[in-house]
Each structure stands twice: as C-alpha cells, then as structure tokens.
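**Q** Sharing a structure, written as structure tokens. Questions coming.
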Amino acid sequence: LSDAYSQGVFQFNAPSHWQQLAIDAAYKSIALAPNLAQGYKSLGLAYYNRGWLTKAVNANLKALQKTPNYSEAMSNLSFIYRELGQLKQSLNWANKALKANPKNSVSMVHKAQTLTALGQYSQARNTLDRALLLQPDSLLAKEALGHWYLHQGEFTQAWQYYQALNNQYPEQLMFLERLA
C-alpha cells in the first residue's frame with residue numbers, strides 16, 4: 001500500500017497528502033513484520049517523495065540489512081545517490097542491483113541515468129536500449145531516453161522524441177513538461 005501511494009505521488013500527480021499516507025503505511029508494514037526488508041524499502045521510497053533523502057538512504061540500507069541481495073533497495077539507493085550528486089555511489093549501487101537481478105529494467109534505467117550524468121553516453125544508450133527491450137512500455141525508460149538526448153544538447157531530437165511521446169501518452173504530464 002505504501003508503494004502504491006508513493007508511486008501515485010511520484011508518477012501520477014497524486015495529492016500531496018498521499019506522501020504521509022505512504023509513510024504511515026510503511027510504518028504499519030514494519031510494525032507488522034519488522035524482519036522483512038520490504039517495509040523499510042517502502043519507507044525509503046516514501047521518504048524520498050517527501051524530499052528526505054538522507055532518511056530515504058538509511059531506510060533502504062536498513063532493508064539491505066534484512067535482505068542483503070534486495071535489488072529493489074539497491075536500485076533505489078542508486079537513484080537517490082544520483083539525486084544527491086554522488087555519481088560514483090550511484091553507479092556502484094546500480095551495478096550491485098544488476099548483479100543481484102540482471103534483468104531488472106528499472107535498475108538498468110538508473111544505471112543509464114547515472115552514466116548519462118557522467119557523460120558516458122554510449123554506455124548509457126546501450127543500457128537504456130536493453131531496458132526498453134525488457135520492458136518496452138516503461139515510461140521511466142522512455143523519459144530517460146529523452147533526457148539522454150537533452151543532456152547531450154540534441155535539442156531537436158529531444159523535442160521530436162518528446163512530441164511523439166506526448167502524442168502517444170497525452171495524460172503523462174512529464175512529457176509535456178519536457179517539451180516546455
């Protein structure tokens with residue numbers, strides 16, 4: 001339930017009070033099953049949505065104490081460290097996540113985003129292409145590919161790409177935002 005609230009906020013413009021509902025649901029999960037990693041991973045995602053990045057990191061690290069090869073928590077850490085500008089840490093966690101689950105498209109996207117930020121465009125594109133092969137309908141991967149164009153200054157290609165995505169997914173405001 002916590003993840004559903006968090007994804008609603010993160011991807012679908014849910015009302016801001018869902019941020020607290022996500023935190024509350026994660027705490028309930030932890031209270032019901034304190035030895036399971038999922039509750040802590042969900043708490044990390046909920047904290048991220050509130051902008052509490054250090055708390056988000058710590059919650060995901062706690063999830064990894066419970067389940068050391070929990071690729072979702074590793075992937076989340078990759079994303080958060082990239083947001084914090086700690087690209088080496090981000091890439092390290094993305095690689096760990098992919099070692100634990102080599103076919104996880106979300107982890108591939110996080111790795112590609114970090115590679116893009118590092119200016120390693122060819123590797124980033126190859127990783128994005130693999131993610132899109134695994135999950136062709138991934139809006140996260142599609143948005144990351146548009147960002148890949150933007151980051152390189154390929155504004156015409158980015159505009160055309162986002163225009164096509166906006167036409168295909170008119171309800172997804174992130175593509176319209178990128179066009180703007």
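The values are calculated or read from the model by the stated rules, or taken from the named source; none is laboratory data. Everything numeric here is computed off the predicted structure, so don't read it as measured data. For neighbour counting, all protein chains shown are included, and Cβ atoms are generated from backbone atoms with ideal geometry for every residue, glycine included. Just the protein is used for accessible areas: all its heavy atoms, side chains included, with ligands, DNA and RNA removed. Shrake-Rupley method; radii C 1.70, N 1.55, O 1.52, S 1.80 Å.
**Q** Below 8 Å, C-alpha to C-alpha, sequence gap of six or more: please give me the relative contact order for the chain in percent.
**A** Relative CO of the chain lands at 11 percent.
**Q** Leaving out same-chain residues fewer than 8 places away, which lysines sit with a Cα under 29 Å from that of K88?
**A** K41, K55, K62, K66, K96, K99, K103, K111, K142
**Q** May I ask for the distance between the Cα centers of the range 22-36 and the range 61-95, given as a whole number of Å?
**A** The range 22-36 and the range 61-95 have Cα centres spaced 20 Å from each other.
**Q** Got a number for carbon plus sulfur as a percent of the range 15-132's accessible area, 1.4 Å probe?
**A** With neighbouring chains kept in place, the figure for the range 15-132 is 52 percent.
**Q** With +1 on the Cβ of every Lys and Arg and -1 on the Cβ of every Asp and Glu, and nothing else charged, how large is the dipole of the chain about its Cα centre, in debye rounded to the nearest 20?
**A** Taking the Cα centre of the chain as origin, the dipole is about 680 debye.
**Q** How large is ³J(HN,Hα), in whole Hz, for each residue of the range 9-16 in order, when computed from phi with the Karplus curve 6.51 cos²θ - 1.76 cosθ + 1.60 and θ = phi - 60°, using x for Gly and Pro?
**A** Coupling constants for the range 9-16: 5, 5, 10, 10, 6, 5, x, 5 Hz.
**Q** Let me spell out the model: positive unit charges on the Cβ of Lys and Arg, negative unit charges on the Cβ of Asp and Glu, origin at the Cα centre of the range 1-100. What dipole size does that give, in debye rounded to 20?
**A** 300
**Q** Just the accessible area for M174, please: 1.4 Å probe, Å², rounded to the nearest 10?
**A** For M174, solvent-accessible area is about 60 Å².
**Q** Taking +1 at the Cβ of each Lys and Arg and -1 at the Cβ of each Asp and Glu, which of A100, Y27, L53 sits farthest along the dipole of the range 18-119 towards its positive end, judged by Cα position relative to the Cα centre?
**A** A100
**Q** Solvent-accessible area per residue for the range 7-127 at a 1.4 Å probe radius, Å²?
**A** 50
**Q** Based on alpha-carbon positions alone, could you give the equivalent ellipsoid semi-axes of the chain from the gyration tensor, as √(5λ), descending, whole Å?
**A** The three semi-axes for the chain are 28, 20, 13 Å.
**Q** Relative to the present Cα-Cα distance, how much length would full extension add between A4 and S122 at 0.36 nm per residue of separation?
**A** 39.1 nm
**Q** Averaged per residue, what accessible surface does the range 128-178 expose to a 1.4 Å probe, in Å²?
**A** 58
**Q** Let me ask something else. What figure in square angstrom, to the nearest 10, would you give for the accessible area of L173 with a 1.4 Å probe?
**A** We get 100 Å² for L173.
**Q** Which of F155, A144, L115 sits farthest toward the positive end of the charge dipole of the range 45-180, with +1 on the Cβ of Lys and Arg and -1 on the Cβ of Asp and Glu?
**A** L115
**Q** Here is a further query. Excluding A63 itself, what net charge comes from residues whose Cβ is under 15 Å from its Cβ, given Lys and Arg +1 and Asp and Glu -1?
**A** Surrounding charge for A63 is +3.
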